[in-house]
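The values are calculated or read from the model by the stated rules, or taken from the named source; none is laboratory data. Keep in mind that this is a model prediction, so the values were computed, not measured. Positions of Cβ are backbone-derived with ideal geometry, glycine not excepted, and every protein chain shown enters the neighbour counts. Accessible surface is based on the protein model in full, side chains and every heavy atom, while ligands, DNA and RNA are left aside. Shrake-Rupley method; radii C 1.70, N 1.55, O 1.52, S 1.80 Å.
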Amino acid sequence: VITCFGISVLTCRYVGFAVVALLVEINSIFLHLRQVLRMASLAKSTFYRVNSMINLGTYVVFRINTLAWMTRWLVLNRDLIPLASYTIGSVGLAIMTAISDFMKSSREKEVRSEKEKEK
């Protein structure tokens, strides 16, 4: 991700694409707030439930949709992008997608282990 943003800053190209990539971080606000609420033992509160719903909504809108749009844009504009930039962008998107999926699966494992502890 740093390499992708570095290319954008140094070449003054693809700045809009880099800004769109920052939309993914909107979901991180609610993701981290959810974790803080869990650490504060507020997992049963109404605020936690509302935040969890917002977290899911922003995950779909700002992570899945944004990464899908970015991938589509990159594929459609392949002929206009130098090979090095295209390769770095593709790898960066693949890593961002894998990280978001990995984080999701690790969160699910954590929830399962907490439920087992409660039993």
_Extension reserve of the Val36-Leu56 stretch, reckoned as 0.36 nm per residue once the Cα distance is removed_ = 5.6 nm
*Could you order Arg38, Arg13, Arg72 so the one with the most accessible surface comes first? Probe is 1.4 Å.*
Arg72, Arg13, Arg38
_What percent of all Cα-Cα pairs in the range 9-69 falls into each 5 Å bin, going from 0 up to the bin containing the maximum distance?_
4, 19, 21, 16, 13, 10, 7, 5, 3, 1
_Solvent exposure ordering (accessible area, 1.4 Å, most first) of Met96, Met53_ = Met53, Met96
*Spin-label pair Ala98/Arg72, simplified geometry with 7 Å Cα→Cβ offset, distance in nm*: 2.5
*Could you calculate the contour length gain from Leu80 to Ser28, that is, 0.36 nm times the residue separation minus the distance between their Cα atoms, to one decimal place in nm?*
15.6 nm
